[in-house]
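Asks: Could you have a look at this structure, given as C-alpha cells, before my questions?
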Ligand SMILES: [Ca+2]
C-alpha cells in the first residue's frame, strides 16, 4: 500500500475508453475531487489501493434516507447477531504494512453492542427494498446540479450519455498492468446495481446468501435504520474485528493471509490478472464461507468492504486523545488526495485484496470511499446497542 501511495500519475478512467472524453489536465495535487461520473471523463491524479479514492459519485440524499417508512421493518432484533462485549484496546497500526493514517496506535474504549455476524445479504436487502420501495444510489441518474458542486468551477458538464444510473464493476485485464491505474480493472457500467452486480444481464440467481454490494453509504444507513440498527463506528468495527485478540494483525491472529489454512476470501496470485483461486472464490463468496473470528463474526477480513458510520480523516488518529471512549470519528472528512470529497470509512477488505496491493484484511487497515459510491466489492453490516 505504502509503495503505491508513493506513485503519482494521471490516468484516464472508464468511459475515456469509449470516446466520451473531455480531457482536462488534472496534475495538481488538489485538483482531483471529481465524481465517478465525471471521473469517467476526466483524468485523476493517482490510484491508491484497490478502491480508495473513488470520488464522490453524485448527489447525496441524506434527507431521503431519514424519511423512510418504518413499516415492516426487520424487527427480529438479534437474529444473526452476536453480543460484542465492551472493552478497551489499542486501535491502529499493528505491523509495517500500516499506512500513515493508522498512526499513532492509541487506546480506545467502546461500549458493548450487538453486531450482525455476517455482511448484509442480498436476501436481507431484498426484504428491505420490498418493504420500503427504496431505490439505491446506483439505480438513480446522477444530477449534474449536485455533481458540479464537487468539481472545479468551470468544469464542463459530462455528456448525457454518461450521466446514467450505473455503478463500478470489476473488469480485470488478462495481462500484468500498472497497478497505479485502476481504470484498468474498474468499469462504469450502466445498469449495474445491487440486483445486477455485473451489469444488465446479470442477476442474483443463486446469490441470496451473498453480500449485497453496489451499496452507497446512504443505502447502508437507510437499511440499518429500517432494521432498527445502525452502522458501526470505526472504533466499534475494529474492536469487533479483533475478536478478543490483542495487537494482532488479522482477525485470526498473526499468520499471514496466504499461509496455512484458507482464512478469508481474498485475491491469491497476481493482482489483478491472475487469481489462483486457493480460497475457491474468484469474486464474492457466500457469507460465512470461512471460519469466524473469536467473537463469532464472519468475513471481518475479505469478501466485501464494509461501511462504517464515521467520516474519514487522514489525520484523525493524530487528533484523538489516548483513552478515548466511544469515539465517533471526526466532524468532517478529509482525504489529502481528494480534499473536497466527503468520504466515509470502509473496513475489512474485499475479495480483491492482496498483500502485494492492498492488505485490507488487516484489522487496522483504514480505507475510505465517497458516500455515494457503490462498487462490486463494497457492502456493510449493522450493529445495535441493545
Ligand atoms: Ca478469492
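Asks: So residue 273 fits all but one of (1) over 30 Å from residue 123 (Cα atoms); (2) touching a strand residue (DSSP E or B) at 6+ places or on another chain (Cβ under 9 Å); (3) within 16 Å of the ligand (Cβ to nearest atom); what number is the exception?
Replies: (2)
Asks: Let me ask you something else. Only residues that are at negative phi and within 12 Å of the ligand (Cβ to nearest atom): list them for region 253-270, please.
Replies: Of everything in region 253-270, those that are at negative phi and within 12 Å of the ligand (Cβ to nearest atom) turn out to be 257, 258, 262, 263, 264, 265, 266, 267, 268.
Asks: A follow-up question, please. Consider residue 192 carefully, then state whether it is in contact (Cβ under 8 Å) with a residue 24 or more places away in the chain, within 30 Å of residue 132 (Cβ to Cβ), away from the ligand (no atom under 16 Å from the Cβ) and out of contact with any helix residue (DSSP H, G or I) (no Cβ under 7 Å at 6 or more places or on another chain).
Replies: When the stated conditions are applied, residue 192 does not pass them.
Asks: Kindly establish whether residue 278 is within 16 Å of the ligand (Cβ to nearest atom) and more than 17 Å from the chain's Cα centre (by Cα). Reasoning before the result, please.
Replies: Numbers: within 16 Å of the ligand (Cβ to nearest atom): yes; more than 17 Å from the chain's Cα centre (by Cα): yes.
The answer is yes for residue 278.
Asks: Same structure, new question: Looking at residue 229, is it touching a residue at least 24 places away in the same chain (Cβ under 8 Å), in contact with a strand residue (DSSP E or B) (Cβ under 6 Å, 6 or more places away or on another chain) and under 22 Å from residue 84 (Cβ atoms)? Walk me through it before giving the result.
Replies: Details: touching a residue at least 24 places away in the same chain (Cβ under 8 Å): yes; in contact with a strand residue (DSSP E or B) (Cβ under 6 Å, 6 or more places away or on another chain): yes; under 22 Å from residue 84 (Cβ atoms): yes.
Considered against the rule, which asks whether it is touching a residue at least 24 places away in the same chain (Cβ under 8 Å), in contact with a strand residue (DSSP E or B) (Cβ under 6 Å, 6 or more places away or on another chain) and under 22 Å from residue 84 (Cβ atoms), residue 229 comes out as yes.
Asks: Criterion first (more than 22 Å from residue 84 (Cβ to Cβ), touching a helix residue (DSSP H, G or I) at 6+ places or on another chain (Cβ under 8 Å) and surrounded by fewer than 24 Cβ atoms within 10 Å (Cβ to Cβ)) does residue 279 satisfy it? Let's see the steps before the verdict.
Replies: Numbers: more than 22 Å from residue 84 (Cβ to Cβ): yes; touching a helix residue (DSSP H, G or I) at 6+ places or on another chain (Cβ under 8 Å): no; surrounded by fewer than 24 Cβ atoms within 10 Å (Cβ to Cβ): yes.
It is false that residue 279 is more than 22 Å from residue 84 (Cβ to Cβ), touching a helix residue (DSSP H, G or I) at 6+ places or on another chain (Cβ under 8 Å) and surrounded by fewer than 24 Cβ atoms within 10 Å (Cβ to Cβ).
Asks: Consider residue 241 carefully, then state whether it is in contact with a helix residue (DSSP H, G or I) (Cβ under 7 Å, 6 or more places away or on another chain), closer than 16 Å to residue 383 by Cβ and not in a strand (DSSP E or B).
Replies: On the way: in contact with a helix residue (DSSP H, G or I) (Cβ under 7 Å, 6 or more places away or on another chain): no; closer than 16 Å to residue 383 by Cβ: yes; not in a strand (DSSP E or B): yes.
No, not satisfied.
Asks: So, of the residues in region 147-198 that are closer than 20 Å to residue 283 by Cα and assigned to a helix (DSSP H, G or I), which turns out to be modelled with the highest pLDDT?
Replies: The residue in question is 184.
Asks: Can you name the residue in region 330-354 that is touching a helix residue (DSSP H, G or I) at 6+ places or on another chain (Cβ under 6 Å) and touching a residue at least 60 places away in the same chain (Cβ under 8 Å) and is also nearest to the ligand (Cβ to nearest atom) among such residues?
Replies: In the first step, residues of region 330-354 are kept if they are touching a helix residue (DSSP H, G or I) at 6+ places or on another chain (Cβ under 6 Å); the result is 330, 344-345, 347.
Now drop any that are not touching a residue at least 60 places away in the same chain (Cβ under 8 Å), which leaves 344-345, 347.
Numbers: 344: 25, 345: 23, 347: 18 Å.
Here the answer is 347.
Yes/no per residue for (1) closer than 26 Å to residue 263 by Cα; (2) part of a strand (DSSP E or B); (3) at pLDDT below 95:
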position: 329; (1), (2), (3): no, no, no
position: 338; (1), (2), (3): no, no, yes
position: 341; (1), (2), (3): no, no, yes
position: 344; (1), (2), (3): no, yes, no
position: 350; (1), (2), (3): yes, no, no
position: 360; (1), (2), (3): yes, no, no
position: 365; (1), (2), (3): yes, no, no
position: 368; (1), (2), (3): yes, yes, no
position: 373; (1), (2), (3): no, no, yes
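Asks: Might you let me know whether region 284-306 holds any residue that is near the ligand (Cβ under 8 Å from one of its atoms), without any contact (Cβ under 8 Å) to a residue 60 or more places away in the chain and assigned to a loop (DSSP other than H, G, I, E, B)?
Replies: No: region 284-306 contains no residue that is near the ligand (Cβ under 8 Å from one of its atoms), without any contact (Cβ under 8 Å) to a residue 60 or more places away in the chain and assigned to a loop (DSSP other than H, G, I, E, B).
The values are calculated or read from the model by the stated rules, or taken from the named source; none is laboratory data. Note that this is a predicted model, so its numbers are computed, not measured. Here Cβ is always computed from backbone atoms with ideal geometry, including for glycine, and neighbour counts include all displayed protein chains.
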